[in-house]
Every structure is written in C-alpha cells, then in structure tokens.
Amino acid sequence: MRVVRAMAFGGPEVLVAGEAPEPAAGPGQVVVEVAAVDTLFVETQVRSGWGREFFPVEPPYVPGAGIAGTVRELGEGVEAAWLGRRVVASLGISGGYADRAVASAGALAPIPDGLSFTDAAALVHDTITATALLDLTAPKPGERVLITGASGGMGVLLVQLARAAGAWVVGTARGERKAALVRELGADAVVDAREPDWVERALEALGGEGADVVWDGVGGQVGLAAFALVADGGRFSAHGAPTGGFAEVDPAEAERRGVRLLGITELRLPESEHARLAQEALRAAAAGRVRPVIGGVFPLERAADAHAAIENRSLLGKAVIRV
C-alpha cells in the first residue's frame, strides 16, 4: 500500500512517498481504509524535530494522527457492528499518511450521514481540543474572550464555540483576508496582529477591562502579550506554539492576579474521552452548529505541499490530505 514517510527531521521535503506492507488488526484493533487525514501545525513542527519531549517519534515514521475512513477489518474482540462503518479515529502520534491504518476500536467515532470524510477529518482533532478548552474555561454569556490566531484551523472553531456560548469575542488575525473570515464566523471584533499596537487595540475591543478568558493558539511573545490582557481572576490557556514555543507565563504572576493557567497537559485526553468528544463534534457539524474551514485539500503524494502551505501561513483554516 502507499504511505508517506518522514525520512529525517527537516523541512517538508523529508516527506517521501513509498510503499509499505498491508497492516493487520490485532486484538481490540481495526484496519481503516483511509479517505482523509487531518493535518496540524504541530505535526509540521514534529517533522522538523521540535517538541520531542512531547512527541517521541524517530524517523523514518509515517505522520498523520487523525484519520477519517471506512473500517475494513476487525481484530479479536471488536464488535462486528463496526465493520463497514464510516469513522474517525485518533492514532496518537503517527500512522495516518497511508492507504490503510490500524486504530484502536476504543478510539473510533462514527461519522454521521451527510458529513464528508474531508470535513470529518478536519474536525477530528481541532474541534475536540476546542470543545475541551470550552469545558475547561467555561466562558459565560456576556464574558469577554480573546482568541489569538483566530483564523487558524482551531481558532475558527473556537470563535464559533465562544459565540454560541454567548461570549463577547475578540480575535487576532494577520491581514484583512484572515480578519474578514474571523468576522464572518461571528467575532465581535478582530485585531490585526501585525500592527505594533495590536495589544492596545485588543484591550480597547475588550472594553478596556481585559478578557475573562484568553485562548492562546500562537505562543511565544504573542502569547505572553496576550497574558497581560487577561483580567484579574480570569483564565488563560497556552495551548499553541506555532511561533516555536508555548507562552512562558510566570506562574507566580498568574497566582498573584488570580489567573488560572492551562497548558497542553490539560488537553491530553484519554482515548475514551477523545472518542466521546469526537462524536459530539461530528454531530454538531452534521447539524450545522459548527463548521470547519478548509483552505486546501492535497492528495497523499503531495503531503509535503500541505506541510509547506501550513508553514508559510498561506491558507485560510486547515489543510487536509485526501487519500
């Protein structure tokens, strides 16, 4: 079968198409015929060699942690009802850039009728993380929420979820094309993060009193600046690191101000919870309550192009690989 492997740590060019033996399902596992694969910014960072303390992979490896497809083989102990079903599954770290992939039966969530494989793949990680963030920070109607990187794959979902919760939503985006998308999705105000005074503009958009909740999907200095915009007693999530690192917030400062800090650790969900949230997300999408924004769909052999498009930030929303 066809696969794409990261042959070394490096740029997108290390992703090389090749062949691999057909997989077999072990006890409690299934083989999924892959139709589409989620592609995350963090996967481009892992491919480059970043974050090995969080993502212990060694080349050569097959990237792709979130898949959508059809169950074609059952391992021992798996319910027969899964055979032939359209599903999404999180594979953990790798394995999805392939014609077929092995998944734990406990990781499966059925795709509702009417939802495409491409949309389902785009939701399999970002919407689950966004829903978990919503649960952890629980913005109330009328509270002020700031979302950095609001035009990204997860940012666009957070905008929709925050609006549905009744919050006042301020997003940051780079350039008018991305800002227009964030407004279209329901943000009350959008600030261009390229402007040197974006922090002051964001504070003004938040009513001058800061945010009750900040969801930082950017990290680095942007995330640190966003932390300063959290109102005392608020909640701050440093879950994104596309700048090369998570926002390095001083825990003592957060404690002094009564700010609850959340990081990537709080978003590492057990398999059963991941599958439950995936099913909720897929149902919400099928019902039209949330929608992914997909900026590019790439065939498997062009996985390197998908990674390059993510890294140069030319896409609106997500990149999805179609198998």
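Here, each number is a calculation from the coordinates, and none is a lab measurement. The model shown is predicted, which means the values in this text are computed figures rather than measured ones. Backbone-built Cβ (ideal geometry, glycine too); neighbour counts: all protein chains shown.
In whole angstrom, segment 128-267 maps to an equivalent ellipsoid with semi-axes of 19, 16, 15, each derived as √(5λ) from the alpha carbon gyration tensor and ordered largest first.
Mind giving me the FRET efficiency for ALA228 and ALA180? R0 is 22 Å, r the Cβ-Cβ distance, nearest 0.05 is fine. Don't skip to the end; give the middle numbers.
Values: r = 27 Å, r/R0 = 1.22.
It comes to 0.25.
Could you work out Rg/(2.2 N^0.38 Å) for segment 270-323, with Rg from alpha carbons only? Can you show the working numbers first?
Values: Rg = 13.9 Å, N = 54, 2.2 N^0.38 = 10.0 Å.
Taking N as the residue count of segment 270-323, the ratio is 1.39.
What is the fewest-to-most order of ASP119, ASP99 by other Cβ atoms lying within 10 Å of their Cβ? Numbers along the way, then the final one.
Numbers: ASP119 21, ASP99 17.
Ascending number of Cβ neighbours within 10 Å: ASP99, ASP119.
By average Cβ neighbour count within 10 Å, what is the ranking of 268-274, 293-299, 167-173, 37-43 from highest down?
By packing density, highest mean first, the sequence is 167-173, 37-43, 293-299, 268-274.
Quick one: if the Förster radius is 45 Å, what FRET efficiency do ASP197 and ARG276 give, using the C-beta to C-beta distance and rounding to 0.05? Working from the Cβ atoms, E equals 0.60. Normalised by 2.2 N^0.38 Å, where N is the number of residues, the C-alpha radius of gyration of segment 107-148 stands at 1.50.
Near the amide H of LEU108, within less than 5 Å, lie no amide hydrogens of residues on another chain or at least 5 residues away, with H placed in the peptide plane. Sorted largest first, the principal axis extents computed over the alpha-carbon atoms of the chain equal 58, 39, 37 Å. Placing unit charges on each Cβ (+1 for Lys and Arg, -1 for Asp and Glu) gives segment 128-267 a dipole about its Cα centre, and among ALA165, LEU203, GLY220 the Cα reaching farthest toward its positive end belongs to ALA165.
If Lys and Arg each add +1 and Asp and Glu each add -1, what is the summed charge of the other residues whose beta carbon sits under 15 Å from the beta carbon of VAL62? Walk me through the intermediate numbers first.
Details: positive: ARG2, ARG5, ARG47, ARG100; negative: GLU19, GLU22, ASP38, GLU43, GLU58, ASP99, GLU301.
Every neighbour counted, the sum reads -3.
Give, rounded to the nearest 20 debye, the magnitude of the charge dipole that segment 3-85 has about its Cα centre when Lys and Arg contribute +1 at Cβ and Asp and Glu contribute -1 at Cβ.
Details: 5 positive and 11 negative charges, 31 e Å.
Here segment 3-85 has a charge dipole of around 140 debye.
Basic side chains Lys and Arg get +1 at the Cβ, acidic Asp and Glu get -1 at the Cβ, and with that the dipole of segment 128-267 about its Cα centre reaches some 360 debye. Segment 51-107: D in µm²/s via Stokes-Einstein (Kirkwood Rh, Cα pairs, 37 °C, 0.692 mPa s)? My calculation gives 264 µm²/s for D.
The charge dipole of the chain, taken about its Cα centre with unit charges on the Cβ of Lys, Arg, Asp and Glu (plus for the first two, minus for the last two), comes to roughly 560 debye.
Amide H contacts of ALA211 (H built 1.01 Å from N, in plane; Pro and chain starts excluded): VAL230, ALA231 sit under 5 Å, all sequence-distant by 5 or more or on other chains. For a test of the definition: using alpha carbon positions, the gyration tensor, and the 1.5 limit on a/c, classify segment 168-223 as rounded, prolate or oblate. Since a/c stays below 1.5, the shape of segment 168-223 is classed as rounded. Note on segment 128-267: dipole from Cβ charges, positive end direction compared against LEU134, VAL156, ALA254; the farthest Cα belongs to VAL156.
As a check on your grasp of the helix formula, calculate [θ] at 222 nm for the chain: sum -39500 (n - 2.57) over DSSP H runs of n ≥ 4, divide by the residue count, round to the nearest 500. Provide the component values of the computation, followed by the final result.
Values: 10 runs with 94 residues, N = 323.
Per the formula, -8500 deg cm²/dmol.
In plain terms, the residue of THR265, THR118 with the fewest other Cβ atoms within 10 Å comes first and the most crowded comes last, giving THR265, THR118.
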